[in-house]
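One structure is given here, and the rest of the page talks about it.
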Amino acid sequence: MWVNCSSTNILFDCGEGAAKQLLRNKLDNNVIDSIVISHFHPDHVSGIFMVLQMFYLQKRKKTLNLYLPEKINEFKNFLDMFYTFTSRFSFKVNFKLTKNVNADHQQIHPIPSDHMQSYAGFVKKHSLPNELLSYSFLISDSGKKILYTSDFLDIKIYDKYLRKLDLIIIDALHTKASDIIKFAEITNARMILNHGLSEELKNSLKTSIKKFEIADEKLEISL
Ligand SMILES: [Zn+2]
Ligand SMILES: [Zn+2]
């Protein structure tokens, strides 16, 4: 998802096909200032490798801020393994943690999300280094407020934000349909369902008050 606010271009998450979409929408080369990754599921991060390679081939000049939810050093090792040596790029990549995105972009407030908690038992049992970090984002600019949920489990984590929003982009696939429907009961914001719909949600939408819109690759919204 591309967001332009206060003359800054920010990409939230970077799934498969991101490079192609940036090209198609003329957001390639030097346009994007920062890429913010919500969590390390492949559908939210696998496109970053091709995006970095594309910027390299385009001889990008502008410094890129890349915010990762966890494990910055491991991620850098991963890039080296793919022969994507950032020290050879024509542009600088600042690797930072997603939780600190607000320090550079005051419009963005990361909200820790519960999405990865379902792995807690598995990670503990196998003594894995995963930190189970995942984020949603509140984006505030010129008096307008957007919530981008990314993947999440329980709507409760948004309790204190929901009543004051203009737009909510809901990654709807992993959450119970009844919880998605709750958004419509609590908020008057415009609501876009993104990231695929479960069969349960498709059925629920047939009977719910129709306040949801379904995302489309080309959907562009100005607030
Ligand atoms: Zn996920
Ligand atoms: Zn996902």
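The values are calculated or read from the model by the stated rules, or taken from the named source; none is laboratory data. Computed from a prediction, not measured in an experiment: that's the story for all the values here. Cβ coordinates were reconstructed from backbone atoms using ideal geometry, including for glycine residues, and neighbour counts include every protein chain displayed. The protein model used for the area step is the full one, side chains on, heavy atoms only, and it has no ligands, DNA or RNA in it. Shrake-Rupley method; radii C 1.70, N 1.55, O 1.52, S 1.80 Å.
In the list Asp151, Asp80, which residue meets the criterion of being within 16 Å of ligand 1 (Cβ to nearest atom), of a type in the set (Asp, Glu) and outside any strand (DSSP E or B)? Spell out how you get there, then give the answer.
Values: Asp80 fails: within 16 Å of ligand 1 (Cβ to nearest atom).
Criteria check complete, one pass: Asp151.
Among the candidates Gln21, Gln53, single out the residue that is touching a residue at least 60 places away in the same chain (Cβ under 8 Å) and assigned to a helix (DSSP H, G or I).
Within the list Gln21, Gln53, the selection yields Gln21.
Within segment 26-56, track down each residue that is in contact with a strand residue (DSSP E or B) (Cβ under 7 Å, 6 or more places away or on another chain) and open to solvent by 40 Å² or more (accessible area, probe 1.4 Å).
Val31
Look through Lys76, Lys96 and report the one residue that is charged (D, E, K, R), farther than 20 Å from Asn9 by Cα and surrounded by 15 or more Cβ atoms within 10 Å (Cβ to Cβ). Walk me through it before giving the result.
Working: Lys96 fails: farther than 20 Å from Asn9 by Cα.
After ruling out the rest, the residue left standing is Lys76.
What are the residue pairs meeting all of these: first residue in segment 125-152, first residue within 16 Å of Asp171 (Cα to Cα), second residue surrounded by fewer than 16 Cβ atoms within 10 Å (Cβ to Cβ) and at pLDDT 95 or above, Cβ atoms under 7 Å, and 6 or more apart or on different chains?
Tyr135/Pro112
For segment 35-44, does any single residue satisfy the condition of being closer than 20 Å to Lys61 by Cα and within 16 Å of ligand 1 (Cβ to nearest atom)?
Taking segment 35-44 and keeping what is closer than 20 Å to Lys61 by Cα, we get 35-36.
Next, only the ones that are within 16 Å of ligand 1 (Cβ to nearest atom) stay: 36.
The answer is yes, given that some residue of segment 35-44 is closer than 20 Å to Lys61 by Cα and within 16 Å of ligand 1 (Cβ to nearest atom).
Can we say Lys176 is among the basic types (Lys, Arg) and within 16 Å of ligand 2 (Cβ to nearest atom)?
Working: among the basic types (Lys, Arg): yes; within 16 Å of ligand 2 (Cβ to nearest atom): yes.
So Lys176 fits the description; yes.
For Ile157, which of the numbered conditions (1) under 25 Å from Cys5 (Cα atoms); (2) away from ligand 1 (no atom under 13 Å from the Cβ); (3) open to solvent by less than 10 Å² (accessible area, probe 1.4 Å) fails to hold?
Against the list (1) under 25 Å from Cys5 (Cα atoms); (2) away from ligand 1 (no atom under 13 Å from the Cβ); (3) open to solvent by less than 10 Å² (accessible area, probe 1.4 Å), Ile157 comes up short only on (3).
Matching residues to (1) within 30 Å of Thr63 (Cα to Cα); (2) touching an Asp or Glu at 6+ places or on another chain (Cβ under 9 Å); (3) of a type in the set (A, V, I, L, M, F, W, C):
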{"residue": "Thr84", "(1), (2), (3)": "yes, no, no"}
{"residue": "Ser127", "(1), (2), (3)": "no, no, no"}
{"residue": "Asn130", "(1), (2), (3)": "yes, yes, no"}
{"residue": "Ser140", "(1), (2), (3)": "yes, no, no"}
{"residue": "Ile168", "(1), (2), (3)": "yes, no, yes"}
{"residue": "His174", "(1), (2), (3)": "no, yes, no"}
{"residue": "Ile181", "(1), (2), (3)": "no, no, yes"}
{"residue": "Asn188", "(1), (2), (3)": "no, no, no"}
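Residue-by-condition table, conditions (1) within 30 Å of Ile146 (Cα to Cα); (2) touching a residue at least 24 places away in the same chain (Cβ under 8 Å):
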{"residue": "Phe75", "(1), (2)": "yes, no"}
{"residue": "Tyr83", "(1), (2)": "no, no"}
{"residue": "Phe89", "(1), (2)": "no, yes"}
{"residue": "Lys99", "(1), (2)": "yes, yes"}
{"residue": "Ala120", "(1), (2)": "yes, no"}
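Could you give every pair whose Cβ atoms fall below 6 Å, whose first residue belongs to segment 172-186 and is open to solvent by 10 Å² or more (accessible area, probe 1.4 Å), and whose second residue is more than 16 Å from ligand 2 (Cβ to nearest atom) and in a helix (DSSP H, G or I), counting only separations of at least 6 or pairs across chains?
Asp179/Ile155; Ile181/Ser204; Lys182/Ile155; Ile186/Leu162
Restricting to segment 99-119, and then to whatever is of a type in the set (A, V, I, L, M, F, W, C) and surrounded by 12 or more Cβ atoms within 10 Å (Cβ to Cβ), can you tell me which residue is nearest to ligand 1 (Cβ to nearest atom)?
Only one residue tops the list, namely Met116.
In segment 122-148, what count of residues is obtained for those that are within 16 Å of ligand 1 (Cβ to nearest atom) and small (Gly, Ala, Ser)?
2
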